[in-house]
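**Q** Quick one: the structure is below, and I'll ask about it shortly.
The values are calculated or read from the model by the stated rules, or taken from the named source; none is laboratory data. Since this is a predicted model, take the numbers as computed values, not measurements. We place every Cβ from the backbone using ideal geometry, glycine too, and count neighbours over all the protein chains shown. Note: areas computed on protein heavy atoms with side chains; ligands, DNA, RNA excluded. Shrake-Rupley method; radii C 1.70, N 1.55, O 1.52, S 1.80 Å.
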Amino acid sequence: MRTEDPSREPANEDARDGNRVQSVDRAVLLLRAISTSAHPPTAWELARACGINRSTAWRLLQTLEHHALVERDPTTGRYGIGYTALEVAASAGYDGLARRARPILERVAGDAGESVMLAAARRFSLVYVDQVDPPTVPTANWLGRQLPLHATSTGKVFLAWLPEDERDAVLPAQLPAYTQRTITDRARLERALADIRRAGYGSCVGEFEEFSSGVSAAVLDSAMRPVVIVNLWGPSQRLTRERLRTLGGLALKTAHEISLVLE
């Protein structure tokens, strides 16, 4: 029986799969593995996680490092995302993301009869990238608005999936009240976030505006960090607690559908 040499390079390194180039596929896998890793990985850890030959992974990482797409710590040998990748990310818009998710949002808005929002998660903030309103229902436009994280279902879902130190970084020392229902106590907020992690979705009942309520669910990456968040909302008199539970299940289902189109 012939034994493969693990350091030997595959013969067709740039073999095409349809219109895709294998070496580019592998480089993207490495970048994504670094960006979603809970801790900076080594070249060996990356090769194993991505199912790539060690020598291939090493050469791809050297190329990515040459272009500053990744950075290697000379002491630990561990990799992080480089400044060129950060420049690319900073210049990226959300049109493509919104375009891929919009058919799902339109269908859900029509089925639920409520407005549906899509928020993209950044490291320390949320950006609302799309809004679909049901026909004949006039609603406010929330695109581009900064909303408090502790007083909205979208914000609370975002907080729920952040590490505690990052929650500390994004939350103000004093949580301001917007209505009588706003959670202003940090311990109570942490309990609410734990409930969100158990249920998979979060709700907001008149916490930012007395007359509006909503539910939200997140699309999570492999490191269990929020990527995008789906929000369904409407008037509080129509969105009873029982209806919010129903919409919470719909938000979870919608988040799953969106995760599939973003793969």
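**Q** Between the DSSP loop rule and a limit of at most 16 other Cβ atoms within 10 Å, which chymotrypsin sites (Phe, Trp or Tyr not before Pro) in segment 203-249 are left?
**A** Phe211
**Q** With all protein chains present, how much of the accessible area of segment 80-217 (probe radius 1.4 Å) comes from carbon and sulfur, to the nearest whole percent?
**A** 51 percent
**Q** Taking Cα atoms, how many degrees apart are the long axis of helix 186-199 and the longest axis of the chain, rounded to 10 and kept between 0 and 90?
**A** 70 degrees
**Q** Give a residue-ordered list of calculated ³J(HN,Hα) values for segment 153-161 (Karplus: 6.51 cos²θ - 1.76 cosθ + 1.60, θ = phi - 60°; whole Hz; x for Gly, Pro).
**A** 5, 4, x, 5, 5, 4, 5, 4, 9
**Q** Same structure again: What residue among Val28, Ala160, Gly248 has its Cα farthest toward the positive end of the dipole of the chain, where the charges are +1 on Lys, Arg and -1 on Asp, Glu, each on the Cβ?
**A** The residue sitting farthest along the positive end of the dipole is Gly248.
**Q** Please work out whether segment 154-257 counts as rounded, prolate or oblate from its C-alpha gyration tensor, where a ≥ b ≥ c are the square roots of the eigenvalues and a/c under 1.5 means rounded, while otherwise a/b larger than b/c means prolate and anything else oblate?
**A** Oblate, since a/c reaches 1.5 and b/c is not below a/b.
**Q** Which one of Val227, Val170, Val219 has the biggest mean-square fluctuation once the chain is modelled by GNM with Cα springs under 10 Å?
**A** Most flexible of the set in this elastic network: Val170.
**Q** Of the peptides 37-49, 109-121, how do they stack up when ordered by the mean number of other Cβ atoms within 10 Å, highest first?
**A** Highest mean packing first, the order is 109-121, 37-49.
**Q** Only Lys, Arg, Asp and Glu count, each charged at its Cβ (+1, +1, -1, -1), so figure out the dipole size of the chain about its Cα centre, rounded to 20 debye.
**A** For this selection, approximately 420 debye.
**Q** Restrict the search to segment 104-169; then list the trypsin sites (Lys or Arg not before Pro) that DSSP places in a loop and that have at most 14 other Cβ atoms within 10 Å of their Cβ.
**A** Arg122, Arg123, Arg145
**Q** Among Pro176, Tyr83, Leu232, which residue has its Cα positioned farthest towards the positive end of the charge dipole of the chain, with +1 placed on the Cβ of Lys and Arg, -1 on the Cβ of Asp and Glu, and the dipole taken about the Cα centre?
**A** It is Leu232, whose Cα lies furthest towards the positive end.
**Q** Kindly report the accessible area of segment 143-219 per residue (heavy atoms of protein chains, probe 1.4 Å, no ligands, DNA or RNA), in Å².
**A** 47 Å²
**Q** Hey, another quick one. Using only Cα atoms, find the angle between the long axis of helix 241-262 and the longest principal axis of the chain, and express it within 0 to 90 degrees, rounded to the nearest 10.
**A** 20 degrees
**Q** Can you tell me the 0 to 90 degree angle between the C-alpha axis of helix 54-66 and the longest principal axis of the chain, rounded to 10?
**A** Tilt relative to the chain: about 70 degrees.
**Q** Taking the structure as given and computing semi-axes √(5λ) of the Cα gyration tensor in Å, which label from [x] 41, 21, 16; [y] 28, 22, 17; [z] 32, 25, 20 fits?
**A** Correct label is [x].
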